[in-house]
Amino acid sequence: MSQELLYALWYHRCFGKTQKGRRALLHYGSYKGLYDAVYDGSEETGLLKNTAADKFTSFSIIDAEKVLWTCEDNGWQAIACTSPLYPRLLLDIPDHPHVIFADGDISCLSEPVAFAIVGS
């Protein structure tokens, strides 16, 4: 289980695709850097000062591990946008998801033409 994926999943769940989250992530340079700043109280940018504290504590790294274990148990893949497996076409979208979930053969994700079935 990749540490980067755990922290990306935490970010994805806590921030989604918000501009505030993107600015904070850019400032800290990594998902783990942002996580550490939030949890050790060293967040100095002020970007997150008006964000409710429970937003960050309602989903933890342990919760992220549980999600990834569920994926593993079911044969699903969770892929962070920092992974070489992440579809490069998605990175062209300004508010691309930081984590995607896939079922089946993921080798097609690197094809130049793609389609997806999205649902909950």
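Apply the a/c threshold of 1.5 to the C-alpha gyration tensor of the chain and tell me whether it is rounded, prolate or oblate. Since a/c reaches 1.5 and a/b is larger than b/c, the shape of the chain is classed as prolate.
Between helix 19-28 and the chain there is an angle of about 80 degrees, using the helix long axis and the longest principal axis of the Cα atoms.
Database remark: amide H of Leu48 closer than 5 angstrom to no amide H (H placed geometrically; neighbours at sequence offset of 5 or more, or on other chains; Pro and chain starts carry no H).
Of all accessible surface on the chain at a 1.4 Å probe, what whole percent is carbon and sulfur?
For the chain, the apolar C and S fraction of the accessible surface comes to 56 percent.
Probing with 1.4 Å while keeping every protein chain in the model, the per residue accessible area of the stretch 61-120 equals 71 Å².
Using the alpha-carbon atoms, what tilt in degrees (0 to 90, nearest 10) does helix 61-74 show relative to the longest principal axis of the chain? For 61-74 against the chain, the angle is about 10 degrees. If R0 is 41 Å, the Cβ-Cβ spacing of Val113 and Asp40 corresponds to a FRET efficiency of close to 0.40. Computed from Cα atoms, the angle from the helix 3-15 axis to the main principal axis of the chain rounds to 70 degrees. Of the residues Val99, Val118, the one with the largest accessible area comes first in the ranking Val118, Val99, computed with a 1.4 Å probe on protein heavy atoms.
The values are calculated or read from the model by the stated rules, or taken from the named source; none is laboratory data. If you're wondering where the values come from, they're calculated on a predicted model, not measured in any experiment. Methodologically, a virtual Cβ is constructed for each residue, glycine included, from the backbone with ideal geometry; neighbour enumeration extends over all protein chains shown. The accessibility values were calculated without ligands, DNA or RNA, using every heavy atom of the protein model including side chains. Shrake-Rupley method; radii C 1.70, N 1.55, O 1.52, S 1.80 Å.
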